[in-house]
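Chemist: Here it is, the structure, as structure tokens.
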Amino acid sequence: MRALMVATLMVALAAAALATPTAAQTVERLYVMDCGRNAANDQARWSPGVNVGKPIELSDTCYLIKHGGQWLLWDTGYPDSLADKPVTNAIGTATRPKKLAAQLAEIHVKPDGITLVAVSHTHPDHVGNVDMFPASMLLIQKAEVDWAFVPGKQAPFKKERMMQLLNGDHDVFGDGSAVILSTPGHTPGHQSLLVHLARTGYVVLTGDLAHFRDNWDHDRVPSMNTSADQTHASHAKVAKVLADKKAQLWINHDKATFDALKHSPQFYE
């Protein structure tokens, strides 16, 4: 009887251990890729009433993450075609110093080897190369798809593809090493990414939660954002994550941030 009770207890403890979430694991590598530049005419587009008429150069960054045998690409930047033909409009001049395809080839990763693509949102400077990865599962908020693919609006990419529609935060690999954070406000389905690396620690990849450090520090809301209330709430949510995880904040369009990072083919561990 005692042996049976001990065996039963051991089984129960084992089951409990399986049911209890393990400590967050880590991804193996994170590559920072140059996915474009925008020489913008007026900083006040992103900081209403502040530095009106002052030009600003914005970076555009993509990130490639290795987790075991899987690759996750976060944002795809401006389309590679801009490397051959820059585009100038009322906002400024968009260029692409390096093609995404070339940067992937440099580290021997083929587009069809990318398991997952996740985009912060559907503005052109973030989804310009999504169609380069038709075999990849696209992780995107349902609210973003509903907003982006309304009748009469130019589609950001081909809708007839594999997509996992999310409704809030999402643990990408199921082990806490890469967690999508729902951060609406810039667009209805905007999202950011929390990444955990063994040596580097935690990093939050912002998407367009804030466009440069000064806007983050002052909780400013760009003129094109779809909701000021959601933007403020998302800022507060990420600020708590940064404090709780002692995480670094990597602001996608902040050129000073980009310049301070090491770029692919170098990587973070």
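The values are calculated or read from the model by the stated rules, or taken from the named source; none is laboratory data. Note that this is a predicted model, so its numbers are computed, not measured. So basically every Cβ, Gly included, is an ideal-geometry build from the backbone, and we count neighbours across all protein chains shown.
Chemist: Of all residues in the stretch 88-126, which are closer than 30 Å to Val52 by Cα, in contact (Cβ under 8 Å) with a residue 24 or more places away in the chain and not in a loop (DSSP other than H, G, I, E, B)?
Modeler: Gly92, Thr93, Ala94, Thr95, Pro124, Asp125, His126
Chemist: Out of the stretch 47-83, which residues are farther than 25 Å from Ile114 by Cβ, part of a loop (DSSP other than H, G, I, E, B) and β-branched (Val, Ile, Thr)?
Modeler: Val50, Val52
Chemist: Still on this model: Identify the single condition in (1) in a helix (DSSP H, G or I); (2) in contact with a helix residue (DSSP H, G or I) (Cβ under 9 Å, 6 or more places away or on another chain) that Asp146 does not satisfy, given that it satisfies every other one.
Modeler: Here Asp146 meets the rest and fails (2).
Chemist: How many of the residues in the stretch 84-108 are crowded, with 17+ Cβ neighbours inside 10 Å and either in contact with a strand residue (DSSP E or B) (Cβ under 7 Å, 6 or more places away or on another chain) or basic (Lys, Arg) (or both)?
Modeler: Of the residues in the stretch 84-108, the ones crowded, with 17+ Cβ neighbours inside 10 Å are 92, 94-96, 98-100, 103-104.
Next, from what is left, pick out any that are either in contact with a strand residue (DSSP E or B) (Cβ under 7 Å, 6 or more places away or on another chain) or basic (Lys, Arg) (or both): 92, 94-96, 98-100, 103.
Of the residues in that region, 8 qualify.
Chemist: Return yes when Met137 is within 16 Å of the chain's Cα centre (by Cα) and modelled with pLDDT of 95 or more and no when it is not.
Modeler: yes
Chemist: Residue by residue through the stretch 249-269, note down the ones that are in a loop (DSSP other than H, G, I, E, B) and either among the charged types (D, E, K, R) or modelled with pLDDT under 95 (or both).
Modeler: In the first step, residues of the stretch 249-269 are kept if they are in a loop (DSSP other than H, G, I, E, B); the result is 251-254, 261-267, 269.
Asp254, Lys262, Glu269 - these are the residues of the stretch 249-269 that are in a loop (DSSP other than H, G, I, E, B) and either among the charged types (D, E, K, R) or modelled with pLDDT under 95 (or both).
Chemist: If you scan the stretch 167-181, which residues turn out to be in a loop (DSSP other than H, G, I, E, B), of a type outside the set (A, V, I, L, M) and either in contact (Cβ under 8 Å) with a residue 12 or more places away in the chain or under 14 Å from Lys66 (Cα atoms) (or both)?
Modeler: Residues satisfying the conditions are Asn167, Gly168, Asp169, Phe173, Asp175, Gly176, Ser177.
Chemist: In the stretch 33-52, which residues are surrounded by 21 or more Cβ atoms within 10 Å (Cβ to Cβ) and of a type in the set (A, V, I, L, M, F, W, C)?
Modeler: Hits for the stretch 33-52 are Met33, Cys35, Trp46.
Chemist: Here is a follow-up. Looking at this structure, is Asp169 within 16 Å of the chain's Cα centre (by Cα), charged (D, E, K, R) and within 23 Å of Phe258 (Cα to Cα)? Reasoning before the result, please.
Modeler: Numbers: within 16 Å of the chain's Cα centre (by Cα): yes; charged (D, E, K, R): yes; within 23 Å of Phe258 (Cα to Cα): no.
No.
Chemist: Could you tell me whether the stretch 191-213 includes any residue that is of a type in the set (Lys, Arg), more than 21 Å from Leu30 (Cα to Cα) and at pLDDT 95 or above?
Modeler: yes
Chemist: Let me ask something else. Name the single residue, out of those in the stretch 227-248 being part of a helix (DSSP H, G or I) and charged (D, E, K, R), that is farthest from Val204 (Cα to Cα).
Modeler: Asp229
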